Amino acid sequence: MAGTTKDENELFILKEKKKLKRAFIFWDHANVFHILQELNVRLDYDLAKRRLAREYYLVAPIMYMGKPRVIFPKKQRFIDALESIGWSITEKPLKIKPSGKRSQNGVDETMFMDIYDFAKEGAYDKAIIVSGDGIFVGVVKRLKELETKVEIWSFRKSISRALIKEAGAENVYYLDDIIDEIKLDGK
């Protein structure tokens with residue numbers, strides 16, 4: 001575009017982006033994290049978000065996670081790295097049960113409400129939900145009522161059958177199938 005100003009170029013880019021359909025990624029960190037640990041795999045979250053969004057303009061990738069009382073340096077570096085590549089982080093405090101086990105109270109519920117609220121506002125054309133939790137059956141049902149597209153991404157071993165049924169098998173994809181494309185080199 002010879003002879004155009006920087007402002008004209010930016011306007012052109014904005015117009016082109018508006019032609020694209022918009023997507024949000026809603027990522028349930030705990031749902032994916034435990035399986036990644038089992039597989040001894042670390043993801044390239046920049047590649048992952050680009051791979052999942054594909055031809056859609058990615059408005060917002062949002063990572064939902066529990067927040068411990070004390071954040072150790074390794075976890076803080078992970079959060080900082082995600083934010084540096086454009087991820088928004090939504091954290092809810094972890095609760096400690098009498099047994100000593102940590103619990104993520106409110107993380108899935110917050111994610112559910114964000115998915116629905118952003119859809120009602122018309123903020124996106126497609127929700128990309130990275131979780132296999134059955135709690136998301138209800139929000140998928142609501143998205144369908146709003147005529148908003150939805151994709152579910154999960155590992156085969158952690159996806160709810162009810163979620164597959166509600167989303168429709170044609171809208172369910174498996175991280176197992178793309179893990180080699182989105183993992184960090186050497187891991």
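Readers should treat all values here as calculations from the given coordinates under stated rules, not as data from a laboratory. Since the model is a prediction, treat every value here as computed from it, not as a measurement. For neighbour counting, all protein chains shown are included, and Cβ atoms are generated from backbone atoms with ideal geometry for every residue, glycine included.
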Fill in: Per-region count, the range 33-59, residues without any contact (Cβ under 8 Å) to a residue 60 or more places away in the chain, of a type in the set (A, V, I, L, M) and part of a strand (DSSP E or B)
1
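Of all residues in the range 18-69, how many are of a type in the set (D, E, K, R), over 14 Å from residue 90 (Cα atoms) and surrounded by 22 or more Cβ atoms within 10 Å (Cβ to Cβ)? Please lay out each step first, then the result.
Keep residues of the range 18-69 that are of a type in the set (D, E, K, R), which gives 18-19, 21-22, 28, 38, 42, 44, 46, 49-51, 54-55, 67, 69.
Right, trim to over 14 Å from residue 90 (Cα atoms) and you get 18-19, 21-22, 38, 42, 44, 46, 49-51, 54-55, 69.
When the remaining residues are screened for being surrounded by 22 or more Cβ atoms within 10 Å (Cβ to Cβ), the result is 49.
So the count comes out to 1.
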Worksheet, complete the sentence: Taking the range 136-160 and keeping only residues that are under 19 Å from residue 34 (Cβ atoms) and free of Cβ contacts under 8 Å to residues at least 60 places away in the same chain, one is left with 136, 152, 156, 159, 160
Item to complete: Working only within the range 152-171, note down all residues that are under 13 Å from residue 52 (Cα atoms) and surrounded by fewer than 20 Cβ atoms within 10 Å (Cβ to Cβ).
Response: 171
Discussion item. Restricting to the range 113-148, and then to whatever is more than 13 Å from residue 62 (Cβ to Cβ), charged (D, E, K, R) and under 16 Å from the mean Cα position of the chain (by Cα), can you tell me which residue is surrounded by the fewest Cβ atoms within 10 Å (Cβ to Cβ)?
Written reply: 125
Worksheet item: Pairs, please: C-beta under 7 Å, at least 6 apart or cross-chain, first residue part of a loop (DSSP other than H, G, I, E, B) and in the range 71-87, second surrounded by 12 or more Cβ atoms within 10 Å (Cβ to Cβ)?
Response: 85/45; 85/46; 86/61; 87/45; 87/61; 87/63
